[in-house]
Amino acid sequence: MTRILLVRHGEASKGPEAPDPELTDLGHRQAQALARQFANVKPISLISSPKARARQTAQPLAELWQRSVTLEQAVTEIPPPEGVALSERGQWIRRLLDSDWDAEDRAQQEWRRGILGFLLSLREDAAIFCHFMVINSVVAQVRGDRRVQQFRPDYTSVTELNSGGGRLEIVQLGEERQSRIL
């Protein structure tokens, strides 16, 4: 069995025109706290979405464990449908959360297949620093549930999976965020 930890990034700056926001001061503190939480854990592979907030969340743990972080496009944010402007992305995501995966267009379906294929290809334990929608997509697939929003993983929460025999299983969901804000 391969152990996979899906780690949601820390709190990021918000804004309709920010294509790749960085962590806020709170987000940096969350990333530091996460690293301290794993200080005495045997180091595993570190993989991150190429987005700044995910990379910055991984960095304190990488420094602590003296490991490099591998960037992986398969675990980046969900792509919006063709024609959705950056300023409209938040509204699109809010609508998406109340829908089903099979109602989405081809780009989102390919994105989901890419995530699942990547996770199933892992042969060594890994912590993957990624995004709210990545985690929900994986949880929906494992549960066989079409609903997009399965739960609201909090910033730097850790959802643990096992992979083996061509399938994923949920060991434990990460801590849930109490507010509706992503």
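Every number here is computed from the coordinates shown, using simple stated rules; none is lab data. Predicted model, so just to flag it, every value in this text is computed and none were measured. Note that each Cβ is placed from the backbone with ideal geometry, even for glycine, and that neighbours are counted across all protein chains shown.
General observations
- Of the residues Gly27, Gly114, Gly165, the one that moves most in a GNM of the chain with alpha-carbon contacts below 10 Å is Gly165.
- Scaling against 2.2 N^0.38 Å puts the C-alpha radius of gyration of segment 1-70 at 1.13.
- If you take the Cα centroid of segment 114-182 and the Cα centroid of segment 64-80, the two points sit 14 Å apart.
- D_trans [Stokes-Einstein, Kirkwood Rh over alpha-carbon pairs] for segment 92-164, 25 °C, 0.890 mPa s, µm² s⁻¹: 189
- Sequence-distant contacts, meaning Cα pairs under 8 Å at least 6 residues apart, place the relative contact order of the chain at 31 percent.
- All alpha carbon pair distances within segment 46-97 were sorted into 5 Å bins beginning at 0; the resulting P(r) in whole percents reads 5, 19, 21, 15, 16, 10, 9, 6, 1.
- Per the Kirkwood formula applied to alpha carbons, the chain shows a radius of gyration over Rh ratio, Rg over Rh, of 0.94.
- For the chain, modelled as a GNM whose springs connect Cα atoms under 10 angstrom apart, the maximal fluctuation among Glu169, Glu17, Glu72 occurs at Glu17.
- Among Trp92, Trp111, Trp101, residue whose mean-square fluctuation peaks in a GNM of the chain (springs only between Cα atoms under 10 Å): Trp92
- GluC sites (Glu not before Pro) within segment 96-143: DSSP coil, no more than 14 neighbouring Cβ in 10 Å: Glu124
- Taking the number of Cβ atoms within 10 Å of each Cβ as an exposure proxy, the fewest-first ranking of Val41, Val148 is Val41, Val148.
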